[in-house]
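Only the coordinates and a few stated rules stand behind these numbers; no lab work does. This structure is a prediction, so every number in the text was calculated from the model and none was measured.
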Amino acid sequence: MPRMRSRSASVPDQDQSPDQTVIGRRFAAAGLVAAASLLALAPAARAEDQIPTVPASAASQGATGAPANDPLEGLNRASFKLGMGLDSVLLAPVAHGYMAVTPRVVRNHVSSAVYNLGEPNTVMNLVLQGKPKRAMRSTTRFVVNSTVGVLGLFDVAAKMHLPRRDADFGQTFGKWGAGPGAYVYVPVMGPLNVRDGVGRALDIVTDPVSMFVGGLDTDFGKARTAVTIVDLRAATDPAFQALKDASDPYVTTRSAYTQYREAFIRQATGEAEELPDFDTPPVASPTTPKAATPKP
């Protein structure tokens, strides 16, 4: 789907038998949760972020100017067309109805609660990335917002200078050197690459909240899945609308997703972007002579 942020500076390291039957049900329900989770990235950017403009000359290239790693482009384009069709007849009408009857302030609180339920997964990945300070802050966020913030409906922690810090298994793999692999587009679930696809599966099956409440097949699990799907589709509606104006929506989606995930991995590695920071004035060369001060 079209959270693409394009940054031009380095990202500092600042302070998700009977046994076989249960497992089968959980993996079946996991598909719905994956759809809900990946709606945040399909077509490829979140509602609060802008979709990068893709020049015509870069139509076949990735975010860094290198050829896009899309060996299955023909199949992916067909999947993209199918996914957009399914969205237009299934998810979009539900999301638009929800937006029509629910004030924005209420939707914002619902989004906050949905995000709060994913915080434990973030904590787990921050620990795996070797970032205990960030993990502790995210843990504090979860405790504060789950109590004082009324189950996450109010982001009280943000007012305590504890901002959101996202992390998932895809980012964790990237932190430790795993490459993205080939790009794929899965209908409804949206854009993926091999690394993030494996990471997303792990995010689902290791979700601490889901495991605590008894699994995805519980009433809570089903309700959480439904609310997450509707909330994320509503939040990303501007990105879907923007795709209608793109000369090639498929390339725009692919490029935006690739840029977002590359920036997301750099948040974990602390590596600098290749793009220059035009907001920073150039540093004068030490060999450059200073201009003489005119005498009065």
Practice problem: Read phi for every residue in the stretch 144-154 and hand back ³J(HN,Hα) as whole Hz from Karplus 6.51 cos²θ - 1.76 cosθ + 1.60, θ = phi - 60°, with x for Gly and Pro. | Solution: 5, 6, 6, 10, 4, x, 6, 6, x, 5, 10
Quiz item: Along the stretch 160-175, what does the Karplus equation 6.51 cos²θ - 1.76 cosθ + 1.60 (θ = phi - 60°) give for ³J(HN,Hα), rounded to whole Hz, x for Gly and Pro?
Solution: 9, 6, 10, x, 5, 9, 7, 7, 9, 5, x, 5, 4, 4, x, 4
